[in-house]
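The values are calculated or read from the model by the stated rules, or taken from the named source; none is laboratory data. Please read all numbers here as calculations on a predicted model, not as lab measurements. Note that each Cβ is placed from the backbone with ideal geometry, even for glycine, and that neighbours are counted across all protein chains shown.
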Amino acid sequence: MGKYFGTDGFRGEANVDLNPVHAFRIGRYLGWYYGQQHKAKIVIGKDTRRSSYMYENALASGIAASGADAYLLHVTTTPCVAYITRSEGFDCGVMISASHNPFYDNGIKLLNGDGEKMDDELQNAIEDYIDGKIPELPYAQRDQIGCTVDFYSGRNRYIGRLTAIADCPFENRTIALDCANGSTWMIARSVFTALGAKVLVINDRPDGVNINRGCGSTHIEQLQEFVRESRVDCGFAFDGDGDRCLAVDERGQVVNGDAIMYICAKSMKSRGHLPSNTVVTTVMSNLGLYKALDAAGIGYEKTAVGDRYVYENMKANNHLIGGEQSGHIIFRKYARSGDGLITAIMLMRVLVQTNLPLSALAAPVKMYPQVLKNVVVTDKDAALADPDVKSAAAVVEAELGDDGRVLLRKSGTEPVLRVMAEASTPELCARSVDRIIEAMDKKGLLVEVRG
């Protein structure tokens, strides 16, 4: 990861970590870089944060100042920007969003011409330009100055794409949608209404500061209560930029990303649509998912945490489904990254085709209790390599056997190790984690436990 761009773009508090000058200079570099051989076209989307409008204007100004054209999708989802970028021949795409973060944060995500996350080399060059390490770029003049184009129609093309994915109508189904007062607030209702469902929507009144506030996929309790009260077939909760989706079954119980992957992968296999017979997960997926996949005769691979790494594995090995417990699910036949609306559509397809309630479809995935503690250490690599720490972890895992596991992984940005255990009870998880932390403490590696 670079100075500004992490695994999910340039993100921070608006006008503290990320300001309009940053956005302008990002636009300047993108417009110049892609415009060296031809008149470049760059498409921009944004979420509903108050600061998103500020960054949209700054990016478009920088792009046009370098001689490229900026096409504005206005409020839309990250997956929409990715789809439009690759399907409409744009040089690159930009999404202004901090995803599930609170409204006062924001971010800039960069996508290449294939709608995939931009490579680190180009992002590093942009960072150097931001910091003045690259000579100032020429400004376009006269008729070479770029245009800013209202591209609202691109959203409608994306909606059309979504409705085409469902190969069966959702008639006689009632669903609830929690739009998190974010990017899906207009699109989600349109898609599911077009597919024939009766749609009830909550948190679709964005005011610039209420995105993700007590709602959406990171605060799913509100949707759970709404589903119970409304007696709908199921509910879907999205995050601020629409690339995540979690579900709620007809009883009001959460169906997380692991369970969604199981349900969809099993259905794909039964229909002959899972040629590699493999689901790609991160190391943080629950042991219950792996046991359910084993029982279904479906293989799996594990990557580092982050949907970027999931997609890289899927692309390299031609796998068609993968994702994270948090609801970033990638259906590679249709998208190059997580798309909350595609996830909801794919799950609804299974409900309609099987005529089973969501609770029954999710039942084989028995989620194991999980305890994770963030441990500040003197040296991450030294702690992971320490013989006594490794021995403690091995002893704990041996004692847990087939009914549990432990995982130690490094934070990418802090001197922190994440120590996680899964077991049959929360108490056993906590004891397992504490035994490993105790080994770190005895070797003088521990600074503090953040919980």
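Among (1) in contact (Cβ under 8 Å) with a residue 12 or more places away in the chain; (2) closer than 24 Å to Cys80 by Cβ, there is one condition Asp233 misses while meeting the rest; what is its number?
Looking at each condition in turn, Asp233 falls short on (2).
Kindly provide the set of residues from region 301-332 that are in a helix (DSSP H, G or I) and in contact (Cβ under 8 Å) with a residue 12 or more places away in the chain, ordered by number. Explain how you work it out, then say what you get.
Taking region 301-332 first, the residues in a helix (DSSP H, G or I) are 307-317.
Result: Asp307, Arg308, Tyr309, Val310, Tyr311, Asn313, Met314, Lys315, Asn317.
For Gly113, state whether it is without any contact (Cβ under 8 Å) to a residue 60 or more places away in the chain, small (Gly, Ala, Ser), out of contact with any strand residue (DSSP E or B) (no Cβ under 8 Å at 6 or more places or on another chain) and outside the structural domain of Ser217 (by TED's automatic domain parsing).
On the way: without any contact (Cβ under 8 Å) to a residue 60 or more places away in the chain: yes; small (Gly, Ala, Ser): yes; out of contact with any strand residue (DSSP E or B) (no Cβ under 8 Å at 6 or more places or on another chain): no; outside the structural domain of Ser217 (by TED's automatic domain parsing): yes.
Considered against the rule, which asks whether it is without any contact (Cβ under 8 Å) to a residue 60 or more places away in the chain, small (Gly, Ala, Ser), out of contact with any strand residue (DSSP E or B) (no Cβ under 8 Å at 6 or more places or on another chain) and outside the structural domain of Ser217 (by TED's automatic domain parsing), Gly113 comes out as no.
Please verify whether region 238-257 includes one or more residues that are free of Cβ contacts under 8 Å to residues at least 12 places away in the same chain and either farther than 25 Å from Thr78 by Cα or within 17 Å of the chain's Cα centre (by Cα) (or both).
Filtering region 238-257 for residues free of Cβ contacts under 8 Å to residues at least 12 places away in the same chain gives none.
Taking every residue of region 238-257 in turn, none turns out to be free of Cβ contacts under 8 Å to residues at least 12 places away in the same chain and either farther than 25 Å from Thr78 by Cα or within 17 Å of the chain's Cα centre (by Cα) (or both).
Among the residues of region 232-239, is there at least one that is more than 20 Å from Ile159 (Cα to Cα), part of a loop (DSSP other than H, G, I, E, B) and in contact with a Leu (Cβ under 9 Å, 6 or more places away or on another chain)?
The initial filter retains those residues of region 232-239 that are more than 20 Å from Ile159 (Cα to Cα), namely 232-234.
Subsequent filtering for residues that are part of a loop (DSSP other than H, G, I, E, B) retains 232-233.
Right, trim to in contact with a Leu (Cβ under 9 Å, 6 or more places away or on another chain) and you get 232-233.
The answer is yes; a qualifying residue exists.
For every residue, the table says whether it meets (1) surrounded by fewer than 14 Cβ atoms within 10 Å (Cβ to Cβ); (2) closer than 22 Å to Gln325 by Cα.
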residue: Tyr368; (1), (2): no, yes
residue: Val371; (1), (2): no, yes
residue: Pro387; (1), (2): yes, no
residue: Ser391; (1), (2): yes, no
residue: Ala398; (1), (2): yes, no
residue: Asp402; (1), (2): yes, yes
residue: Val406; (1), (2): no, yes
residue: Lys410; (1), (2): no, yes
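Restricting attention to region 125-151, and to residues there that are among the hydroxyl-bearing types (Ser, Thr, Tyr) and more than 28 Å from the chain's Cα centre (by Cα), which single residue is nearest to Ala70 (Cα to Cα)? First the steps, then the outcome.
In the first step, residues of region 125-151 are kept if they are among the hydroxyl-bearing types (Ser, Thr, Tyr); the result is 129, 139, 148.
From what is left, the residues that are more than 28 Å from the chain's Cα centre (by Cα) are 139, 148.
Values: Tyr139: 15, Thr148: 5 Å.
Going through the qualifying residues, I end up with Thr148.
Assuming Phe90 fulfils every condition listed in (1) over 27 Å from Tyr311 (Cα atoms); (2) aromatic (Phe, Trp, Tyr); (3) crowded, with 19+ Cβ neighbours inside 10 Å apart from one, which condition is it?
Going through the list (1) over 27 Å from Tyr311 (Cα atoms); (2) aromatic (Phe, Trp, Tyr); (3) crowded, with 19+ Cβ neighbours inside 10 Å, Phe90 breaks only (1).
Tell me, which residue of region 15-42 that is of a type in the set (Gly, Ala, Ser) and in a helix (DSSP H, G or I) is nearest to Ser87 (Cα to Cα)? Walk me through it before giving the result.
Looking only at region 15-42, we keep the residues that are of a type in the set (Gly, Ala, Ser), and these are 23, 27, 31, 35, 40.
Next cut, in a helix (DSSP H, G or I) only: 23, 27, 31.
Details: Ala23: 25, Gly27: 21, Gly31: 20 Å.
Ranking the qualifying residues of region 15-42, first place goes to Gly31.
What strands (runs of 3 or more DSSP E) lie completely within region 347-426 and have 1 or more residues being within 30 Å of Leu177 (Cβ to Cβ)?
On the way: elements: 370-377, 405-410, 416-422.
Here the list reads 370-377.
Kindly provide the set of residues from region 435-451 that are modelled with pLDDT of 95 or more and within 20 Å of Met284 (Cβ to Cβ), ordered by number.
Ile436, Ile437
Hey, can you tell me all the residues within region 242-300 that are among the charged types (D, E, K, R) and in a helix (DSSP H, G or I)? Step through it out loud before you land on a result.
Keep residues of region 242-300 that are among the charged types (D, E, K, R), which gives 243-244, 249-251, 258, 266, 269, 271, 291, 294.
Residues satisfying the conditions are Asp258, Lys266, Lys269, Lys291, Asp294.
For Ala295, indicate whether it is surrounded by fewer than 18 Cβ atoms within 10 Å (Cβ to Cβ), among the hydrophobic types (A, V, I, L, M, F, W, C) and farther than 30 Å from Thr413 by Cβ.
Details: surrounded by fewer than 18 Cβ atoms within 10 Å (Cβ to Cβ): yes; among the hydrophobic types (A, V, I, L, M, F, W, C): yes; farther than 30 Å from Thr413 by Cβ: yes.
It is true that Ala295 is surrounded by fewer than 18 Cβ atoms within 10 Å (Cβ to Cβ), among the hydrophobic types (A, V, I, L, M, F, W, C) and farther than 30 Å from Thr413 by Cβ.
Any idea which of Gly62, Gly12, Gly45 is in a helix (DSSP H, G or I), among the small types (Gly, Ala, Ser), in contact with a strand residue (DSSP E or B) (Cβ under 9 Å, 6 or more places away or on another chain) and at pLDDT 95 or above? Spell out the reasoning first.
Numbers: Gly12 fails: in a helix (DSSP H, G or I); Gly45 fails: in a helix (DSSP H, G or I).
The conditions single out Gly62.
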